[in-house]
Amino acid sequence: MKELTKAEETLLIAILRLKDNAYGVAIKQQIQKATGKSLPYGTLYFILEQLTKKGYVKRFTGEPKPERGGRSRIYYALTSEGSRALEHAYKMQQKIWNGYTELTWGEKTGK
Amino acid sequence: MEWIHRVDLGREDRQMKRTKPPKLAEKILCILSFSKKIGILGDTEEEYRMIRSEKGRFKADVWYVWQIFRPLPFFIRSNIYWSATMLKNYLIIALRNIKRNKVYSVINMLGLATGMACCILITIYIQFEFSYDRYHPNADRIYRVMINMKDPIQERTQFVGSPAGLVPVLTENFPEVVTAAAIKAESSLVKYKDIFFGERRFYYADPEIFKIFYLPLVKGDPKTALEKPYSILISQEIASRYFEKEEPLGKTLHVDNRHDFMIAGVFQDILENSHFHCDFLASISSHFQNIGRERATGWNNFGYKTYILFHEMADLSEFSRKINEYCRKFIPAETLQKIVDDLWIQPLADIHFYNQALGELETNADIRNIFLFSAISFCILLIACFNYMNLATARSAFRTREVGLRKVVGAQRRQIINQFMGESLTTALFSFGISLLLVRIFLPMFSSYINRPLSFSQLSGLSEVFILIGIIVIVGIFSGVYPALVLSSFQPVNIFRGMWSKRSKGSFYFRNSLVVLQFIASIILIICSVVTYQQLRYIRNKDLGFNRNHILIISGWGLRPSFESVKHELLQNPHVLDITHANGMHWNLGYVCFCQWQGKDEDENLITHGISVGYNFIDFYDLEIVEGRNFSREFSTDNENAYILNETAVRAIGWENPLGKKFFIDGEREKGVVVGVVKDFHFASLHLAIQPLAIDLSPFEPFNYDWISLKISPQDVSDTLSFLEKNWQVYSPDHPINYFFLDDSLDRLYRTEQRLGQIFSRFTAIAVFLACLGLFGLAIFTAEQRTKEIGIRKVLGASVPSVLMLLSREFIKWVFVANLIAWPIGYTIMHQWLQSFAYKTHIGWLVIALAAALSLGIALLTVSYQAVKAATANPADSLRYE
């Protein structure tokens with residue numbers, strides 16, 4: 001299974017959280033809230049394209065909206081592949097970071 | 001416009017309209033977004049509105065623009081990063097492959113280098129040709145006056161010339177003309193003290209010439225130099241030739257033994273890339289004084305070349321119309337009726353490429369030659385690229401494991417294609433280096449061959465560098481596409497199973513057809529070379545209808561003693577066999593004229609060539625009189641009104657019995673009679689059919705461009721020549737002896753064709769060489785492919801010759817096919833070319849047979865080495881399981 005890059009991971013989780021409302025502006029704001037980074041749309045869509053190519057997300061086109069100058073919103077949703085990838089990433093994370101708190105506890109408290 | 005990607009909702013809020021993001025920024029974002037337009041533009045706009053309502057317009061605009069630039073570093077990094085890493089790997093692999101397969105790489109690079117070198121040579125040549133006359137500051141506003149003639153003379157209808165009276169009229173009556181100047185070229189004899197030369201580049205010109213052309217003066221003042229009559233300017237080269245260390249200014253030159261000119265200045269030698277070159281520039285007022293005519297009345301003599309400098313906004317078609325109208329008032333009616341059709345103006349830049357007009361100051365280039373050269377070099381480059389494609393795909397068998405492995409570890413097809421394109425670009429780059437070396441070596445040869453000063457430094461201009469880079473890139477990509485596609489299509493599964501399907505049928509045919517194409521091109525070139533050679537030989541050996549061997553032609557200009565006494569004296573020398581005189585033949589076609597004859601209708605017209613000759617002219621050249629008689633001293637009136645016509649003239653007039661009929665040439669005589677008819681002979685180039693000719697008898701005149709013909713014996717030619725030179729110093733002390741051999745000058749008529757023939761043969765050699773390279777590579781491949789098969793056959797008892805046959809059979813078949821296709825094409829091309837000759841050889845079976853035999857022989861030779869090696873291999877080695 002190909003590993004997710006950090007950016008891809010963040011994006012996938014954001015989409016997960018947003019459920020039905022995962023479109024450009026919302027994803028950007030979510031990431032901003034979660035990581036504090038302000039991701040430009042160019043980058044955002046680039047990564048979304050890569051995710052779509054890998055088959056982790058699906059794309060839906062929504063209704064045209066006037067505040068977008070008449071353009072429609074493009075929504076993204078996780079596919080089953082995507083959820084599996086996330087799951088895999090989470091498990092890997094757990095294994096690697098297992099016992100992290102104990103490891104650093106000693107240093108923090110000086111023991 | 002598509003870029004907005006909007007759906008018209010039918011009702012856009014006014015508020016929505018007012019709060020649109022900045023337009024220019026939106027456009028840029030649109031372009032940068034490629035395929036993600038809707039998403040990015042929409043989201044950005046949505047957020048823009050949010051920010052605008054919160055933080056106000058200015059901040060929102062700033063944010064929007066910021067959005068454009070922010071992701072750029074990421075894009076660049078993400079695209080290039082991986083590419084850069086892989087690039088290093090690709091480069092290493094490419095170099096390693098080149099080193100490993102030295103033979104094959106060298107073949108490839110040599111082929112590509114040859115093709116590129118040809119292209120570069122042609123680029124240098126074309127660049128030089130197009131730079132002609134460009135160095136004048138107002139080059140695009142300079143035009144030359146030309147004339148269309150009514151009846152074609154020598155099959156050309158255009159004439160470089162204008163009336164003498166044109167120039168003064170132009171500046172006064174035509175506001176679009178800034179200034180105009182006329183040039184008259186007149187070969188003259190120039191003498192300074194005791195140095196004299198017959199100078200052909202002697203021009204008379206208006207003082208305004210300096211305002212039109214860039215003619216810097218090293219000494220003297222351009223404003224006043226050409227104003228006074230009998231003042232003259234000389235070029236630096238002439239200054240050193242006549243004056244060496246002396247100061248030329250103020251000295252006097254004696255011209256034509258009649259007039260004295262004072263040197264008013266020295267001008268810089270005219271650059272090579274100009275359509276005219278002069279050594280002497282005299283004031284045109286001197287010319288008009290010489291001929292004793294008022295310029296303003298000179299409307300019947302069209303021997304002046306007029307150049308005009310126009311204003312920037314001049315309406316040129318309007319000008320043409322006006323000038324034609326104006327001139328018709330002044331040009332005599334008869335000239336308008338018979339000779340001149342209308343005037344037109346030719347841009348300066350076109351002059352050099354246009355060689356179809358009469359009266360050019362110098363022979364220009366032919367734009368067809370440029371096309372021909374370009375086409376040939378393009379063909380060669382194409383052949384070289386095909387070679388590369390062939391060899392690369394043939395060797396693909398050796399890269400299969402590498403490709404398979406790469407695909408397994410995750411390379412996409414795109415990346416593999418990039419890799420192999422990179423390899424071909426690298427090869428192209430190395431070939432380019434070699435080609436520069438080749439160009440360095442061959443440029444001097446090429447340059448002296450086409451008679452132009454070409455130098456390597458011409459490649460340093462910006463547009464040239466672009467062209468060179470373009471050549472490398474195009475060659476690399478074009479040759480690399482096919483092999484890259486083939487190699488990247490391998491399926492790893494098949495490779496590691498040991499059987500790769502190269503889609504053998506399809507790609508095999510493709511590769512074979514490439515070799516066939518190469519051979520077709522080579523065979524066509526062989527046919528062209530052979531036919532050109534045959535035609536040249538035919539011309540050289542064709543019976544011209546007169547005796548041409550061992551005949552010396554000497555200019556009779558300035559001969560002091562009478563012709564008869566000179567003749568008598570020269571005949572004392574046992575090597576001088578016969579003498580006669582004539583005012584010209586093919587090198588100087590006497591004059592072209594209208595004539596009058598008995599029974600001529602009012603509007604019938606005939607243009608004939610006319611030459612005035614001495615008594616024994618007909619006998620000297622062994623011409624045959626078919627009717628009537630030769631000129632003879634028995635008939636005293638022969639001197640005044642006898643004419644001998646050639647058969648074509650009689651046919652053209654339409655007489656049954658020409659003898660005794662009245663005939664004379666307009667303007668020459670008042671009356672005349674036909675006393676004889678001579679059998680047609682080729683007095684002009686074999687390009688043209690024989691034209692009507694009228695020969696009249698005329699006494700020798702030392703200042704009438706009469707030429708003396710001498711028949712000398714073939715032994716001791718140099719002795720005879722020095723004898724003549726010594727004598728001439730006595731006969732004509734004021735004029736240096738000027739002579740040439742008749743058959744040399746005949747050869748010179750066909751110089752263009754000789755050049756062409758040589759070019760064809762050289763390029764044929766190159767093309768054949770390249771085709772052989774390709775075939776060689778293919779032979780290597782096929783032989784290797786079939787080593788197992790051959791081993792088995794040998795084990796089963798096949799003999800070496802039969803194996804050879806087996807291997808060669810394929811190739812023979814293909815060469816045969818190539819021949820079949822090439823023959824009609826070659827035949828058509830050469831047939832076209834031969835049309836420019838009125839007298840030509842036929843393209844016989846010999847040519848075709850020769851081409852076939854040659855191509856077959858070359859093919860077999862190329863293949864044989866590999867075939868023999870394969871056929872004599874030990875089956876034990878080839879069948880061993882490794």
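The values are calculated or read from the model by the stated rules, or taken from the named source; none is laboratory data. All figures in this text were calculated on a predicted structure; none of them were measured in a lab. Backbone-built Cβ (ideal geometry, glycine too); neighbour counts: all protein chains shown.
Here are the numbers:
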{"item": "All positions within segment B:59-102 that are of a type in the set (Ser, Thr, Tyr) and modelled with pLDDT of 80 or more", "result": "B:Tyr64, B:Tyr90"}
{"item": "Complete set of residues in segment B:24-64 that are surrounded by fewer than 16 Cβ atoms within 10 Å (Cβ to Cβ), more than 10 Å from chain A (Cβ to nearest Cβ) and either within 18 Å of A:Arg73 (Cα to Cα) or under 55 Å from the mean Cα position of the chain (by Cα) (or both)", "result": "B:Leu24, B:Lys27, B:Ile28, B:Ile31"}
{"item": "Number of the exception - B:Ile234 against (1) part of a loop (DSSP other than H, G, I, E, B); (2) closer than 21 Å to B:Gly250 by Cβ", "result": "(1)"}
{"item": "The one condition in (1) outside any helix (DSSP H, G or I); (2) crowded, with 18+ Cβ neighbours inside 10 Å that B:Phe197 fails to fulfil", "result": "(2)"}
{"item": "Residue check for B:Ala642: within 37 Å of the chain's Cα centre (by Cα) and either farther than 28 Å from B:Arg540 by Cβ or at pLDDT 80 or above (or both)", "result": "no"}
{"item": "Candidate set from segment B:438-455 (those that are without any contact (Cβ under 8 Å) to a residue 24 or more places away in the chain and part of a helix (DSSP H, G or I)); member that is farthest from B:Gly115 (Cα to Cα)", "result": "B:Ser448"}
{"item": "Qualifying residue in segment B:375-395 (condition: assigned to a helix (DSSP H, G or I), within 28 Å of B:Ala113 (Cβ to Cβ) and at pLDDT below 75)", "result": "yes"}
{"item": "Pick from segment A:1-52, criterion surrounded by 18 or more Cβ atoms within 10 Å (Cβ to Cβ) and among the small types (Gly, Ala, Ser), ranking: nearest to the chain's Cα centre (by Cα)", "result": "A:Ala14"}
{"item": "Residue satisfying condition, being within 30 Å of B:Ala873 (Cβ to Cβ) and buried (at least 20 other Cβ atoms within 10 Å of the Cβ), within set B:Ala767, B:Ala779", "result": "B:Ala779"}
{"item": "Condition broken by B:Ile812, with the remaining ones in (1) without any contact (Cβ under 8 Å) to a residue 60 or more places away in the chain; (2) touching a helix residue (DSSP H, G or I) at 6+ places or on another chain (Cβ under 9 Å); (3) over 28 Å from B:Ile526 (Cα atoms) satisfied", "result": "(3)"}
{"item": "Segment B:212-254 - residue that is touching a Leu at 6+ places or on another chain (Cβ under 7 Å) and of a type outside the set (A, V, I, L, M, F, W, C) and, of those, surrounded by the most Cβ atoms within 10 Å (Cβ to Cβ)", "result": "B:Gly220"}
{"item": "Segment A:44-81: number of residues that are more than 10 Å from chain B (Cβ to nearest Cβ), in a helix (DSSP H, G or I) and more than 16 Å from A:Lys6 (Cβ to Cβ)", "result": "4"}
{"item": "Number of positions in segment B:160-194 that are closer than 19 Å to B:Phe210 by Cα and part of a strand (DSSP E or B)", "result": "9"}
{"item": "Residue list for segment B:636-655, filter: β-branched (Val, Ile, Thr) and more than 20 Å from B:Asp601 (Cα to Cα)", "result": "B:Thr637, B:Ile644"}
{"item": "Residue tally, condition loosely packed, with under 14 Cβ neighbours inside 10 Å and not charged (D, E, K, R), over segment B:718-737", "result": "5"}
{"item": "Top-ranked residue of segment A:22-43 - restricted to ones that are more than 10 Å from every other protein chain (Cβ to nearest Cβ) and among the hydrophobic types (A, V, I, L, M, F, W, C), ranked as nearest to B:Ile38 (Cα to Cα)", "result": "A:Ala22"}
{"item": "Only listed residue being among the aliphatic types (A, V, I, L, M), crowded, with 20+ Cβ neighbours inside 10 Å and in a loop (DSSP other than H, G, I, E, B), chosen from B:Leu710, B:Leu686", "result": "B:Leu686"}
{"item": "Elements of type helices (runs of 4 or more DSSP H) in segment B:733-842, at least 3 residues being over 19 Å from B:Val530 (Cβ atoms) and basic (Lys, Arg)", "result": "B:787-795"}
{"item": "Set B:Val650, B:Val626: member being modelled with pLDDT of 80 or more, over 21 Å from B:Arg548 (Cα atoms) and outside any loop (DSSP other than H, G, I, E, B)", "result": "B:Val650"}
{"item": "Counted residues, segment A:1-21 - those being more than 12 Å from chain B (Cβ to nearest Cβ) and not in a helix (DSSP H, G or I)", "result": "3"}
{"item": "Filtered residues of segment B:633-647 (kept if within 18 Å of B:Ile611 (Cβ to Cβ) and either β-branched (Val, Ile, Thr) or part of a loop (DSSP other than H, G, I, E, B) (or both))", "result": "B:Ile644"}
{"item": "Selection from segment B:269-292 of residues that are more than 28 Å from the chain's Cα centre (by Cα) and in contact (Cβ under 8 Å) with a residue 40 or more places away in the chain", "result": "B:Phe280, B:Leu281, B:Ala282, B:Ser283, B:Ile284, B:Ser285, B:Ser286, B:His287, B:Phe288, B:Gln289"}
{"item": "Hey, B:Asp260 buried (at least 21 other Cβ atoms within 10 Å of the Cβ) and either basic (Lys, Arg) or on the phi < 0 side of the Ramachandran plot (or both) or not", "result": "no"}
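For (1) touching a Gly at 6+ places or on another chain (Cβ under 7 Å); (2) free of Cβ contacts under 8 Å to residues at least 60 places away in the same chain; (3) farther than 18 Å from A:Thr10 by Cβ, each residue gets a yes or a no:
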| position | (1), (2), (3) |
| --- | --- |
| A:Ile27 | no, yes, no |
| A:Gln32 | no, yes, no |
| A:Thr35 | no, yes, no |
| A:Tyr41 | yes, yes, no |
| A:Gly55 | no, yes, yes |
| A:Phe60 | no, yes, yes |
| A:Pro64 | yes, yes, yes |
| A:Arg73 | yes, yes, yes |
| A:Tyr76 | no, no, no |
